[in-house]
Amino acid sequence: MSDMPEVRTRIAPSPTGFLHLGTARTALYSWAYARHHGGQFVLRIEDTDVARSTQDSVQQILDSMHWLGLDYDEGPIYQMQRLARYHAVAEQMIAAGTAYRCYATPEELDAMREAQRARGEKTHYDGRWRPAPGKTLPPVPPGVQPVVRFANPPHGHVRWDDLVKGAISIGNEEIDDLIILRPAPEGVAGDASALGVPTYNFAVVVDDWDMGITHVFRGDEHINNTPWQINIFRALGAPLPAFGHCPIILGDDGLKLSKRRGAVSVTAYQDAGYLPEAMLNYLARLGWSHGDDELFSVEQMVQWFDGSHLARSPAQWDPAKLAWVNAHYIKAAADSRLALLVQAQLATRGVAVDDLPLLERASALFKDRCSTVVELADWTGMIFVPVEPAAEELAAHVTEAVRPALRSLRDRLAAVDWDKATIAMALNETLASHQLKMPQLAPAVRVLVCGRAQTPSIDAVLTLFPRHTVLERLQGA
Ligand code: GLU
């Protein structure tokens, strides 16, 4: 038995919007790492930004985690329910001399920074309220609610071996005395007004400590925060987790993937007809590799994912590759499952279909051509919703040469058994009696019945429709 502590990872989204793809990716890495080691995965909701956090966003995050199948062993834990704990830790730190109250007003701090700029200095908190042996602090101004600042070590370096980026070192001189607890914003009642609200860098440390987190995977926009966090861990005498900072995801223009440049939420891809296993597979590869493997199940990933082979440079979001991955999983998906997804998709278009066996047959027939469930529903929709063939398609395929054949096909179809073999026979008899070839007749039938000139085998496609629909649409010939 190893005496290493059990692996415990977490994902800690802020509920200020949907679950971002970047967060979903680090959630996947954290989850897979815990599962790989037989450890635990925690979901924490970092809701201390009172003005921007919403219950709706919490729900979206929970739904997206559920949809992706990223199950957590603990949580959701809400930071706003832990205010007493942050308050207590801040008080302990004040008593221990690793934190202090600062009464500087925002105006005063503005003036301080202004003066620093005027002197050509980099702006920083000048430590005016930081206690030091022999130092006299300013008199406490009346009516000013203090913040609590962390007394960052003044010298030395913060170093860590990042699981993704390798060795990182930052001089403590570069780091300010961070605010760790501040009075609640106006209008916030309850515990927050009595206990104050922690800042991200403080709450994250208290939580990672309390929750026994051993490995932190997160986006590299937090690299600059990590030195503060490490110093706070040390000040608390808490064990340090290992950190792995994953590079941002770039859009196809080489800039950070953001809302302005297309869909960035898990929900948007769910709505657009992507399968969760495809998202997981694609997100896994976006910043991590296992040899040349491109298509693998999440179980396979869990076996492989040991924290190595995480990419150091940013990956580019590639919609075409995602569509390719999704097409693979659509092809592999059970038709009965696709039928339900198509049913739900059609329902969003106001098309209610309760014939699941029919949707199953349609899925089986069309899925090879589709990269999303939305496309599958586009194909399937033609069975239920009138089609509007384009004028050019009609002109190109429904010609005078085939019209008589279409009419006699219609007559034949009115009378035959409605199954693939018999429909095929009706088609062949029509061809023979009109001396036509299938490539002349089939596209015309497709355009009229399906609204498009290309489909899977026409006899198989026709069986999906009720006979009367086919006859009605051929009437247009
Ligand atoms: N709430 C932070 C975020 O969503 C968490 C960062 C972290 O994992 O430490 O970016």
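The values are calculated or read from the model by the stated rules, or taken from the named source; none is laboratory data. Just so it is clear, the model here is predicted, and its values are computed rather than measured. Please note: Cβ atoms are built from the backbone with ideal geometry, for glycine as well, and neighbour counts cover all protein chains shown. When the accessible area is computed, the model is the full protein with side chains, heavy atoms only, and any ligands, DNA or RNA have been set aside. Shrake-Rupley method; radii C 1.70, N 1.55, O 1.52, S 1.80 Å.
Per DSSP H run of n ≥ 4, the term is -39500 (n - 2.57); total these for the chain, divide by its residue number, and report the mean residue ellipticity at 222 nm rounded to 500 deg cm²/dmol.
Dividing the helical sum by the residues of the chain leaves -14000 deg cm²/dmol.
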* Asked: For the range 36-45, in order, what is each residue's ³J(HN,Hα) by Karplus, 6.51 cos²θ - 1.76 cosθ + 1.60 with θ = phi - 60°, in whole Hz (x at glycine and Pro)?
  -> 4, 9, x, x, 10, 10, 10, 10, 10, 9
* Structure fact -> Once all protein chains are kept in place, residue 66 shows an accessible area at probe 1.4 Å, nearest 10 Å², of 150 Å²
* Quick one: net charge around residue 195, please, counting Lys, Arg +1 and Asp, Glu -1 for every other residue with C-beta under 13 Å from its C-beta. => +1
* **Assigned charges on the beta-carbon of Lys, Arg, Asp, Glu; the chain dipole about Cα centre (debye)** => 540 debye
* With every protein chain left in place, what is the accessible area of residue 407 in Å² (1.4 Å probe, nearest 10)? -> 120 Å²
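Quick check on the chain: what does the Kirkwood estimate of hydrodynamic radius come out to from the alpha carbon pairs, in Å? Walk me through the numbers before you get to the answer.
Details: mean 1/r = 0.0372 Å⁻¹.
Taking the inverse mean of 1/r over all distinct Cα pairs, the chain comes out at 26.9 Å.
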* Rank these residues by their accessible area, most exposed first, probe 1.4 Å: 63, 177, 161. => 161, 63, 177
* **For the range 207-283 versus the range 444-465, the gap between their alpha-carbon centres in whole angstrom** => 47 Å
* Taking N as the number of residues in the range 247-378, what value does Rg over Cα atoms divided by 2.2 N^0.38 Å take? -> 1.16
* **Karplus-derived HN-Hα couplings along the range 265-281 (A = 6.51, B = -1.76, C = 1.60, θ = phi - 60°), whole Hz, x at Gly and Pro** => 9, 4, 4, 4, 6, 4, 5, 7, x, 8, 8, x, 5, 6, 4, 4, 4
* **Within straight-line cross-link reach of residue 122, aspartates and glutamates at Cα separation under 14 Å, skipping those fewer than 8 residues along the same chain** => 110, 114, 173, 174, 176
* Asked: What figure in square angstrom, to the nearest 10, would you give for the accessible area of residue 121 with a 1.4 Å probe?
  -> 80 Å²
* Asked: What residues qualify as long-range amide H neighbours of residue 249, i.e. H under 5 Å apart, gap of 5 or more or another chain, H built at 1.01 Å from N?
  -> 257
* **Phi to ³J(HN,Hα) by Karplus 6.51 cos²θ - 1.76 cosθ + 1.60 over the range 366-382, Hz, x for Gly, Pro** => 9, 4, 5, 9, 10, 9, 9, 5, 4, 5, 4, 6, 4, 5, 5, x, 5
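For the chain, with every protein chain kept in place, what is the accessible area per residue (1.4 Å probe, Å²)?
Working: 22230 Å² over 477 residues.
For the chain, the solvent-accessible area averages 47 Å² per residue.
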* Could you grab the Rg to Rh ratio for the range 69-213? Cα atoms only, Kirkwood for Rh. => 1.01
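Just reorder 356, 310 by solvent-accessible area, largest first, 1.4 Å probe, all chains present.
356, 310
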* Asked: If contacts are Cα pairs under 8 angstrom and at least 6 residues apart, what is the relative contact order of the range 164-303 in percent?
  -> 17 percent
* To do: Name the aspartates and glutamates eligible as straight-distance cross-link partners of residue 256: C-alpha to C-alpha under 17 Å, and not fewer than 8 places from it in the same chain.
  => 220, 221, 318
* **Under 30 Å from residue 420, Cα to Cα: lysines that are on another chain or at least 8 residues apart** => 331, 367, 437
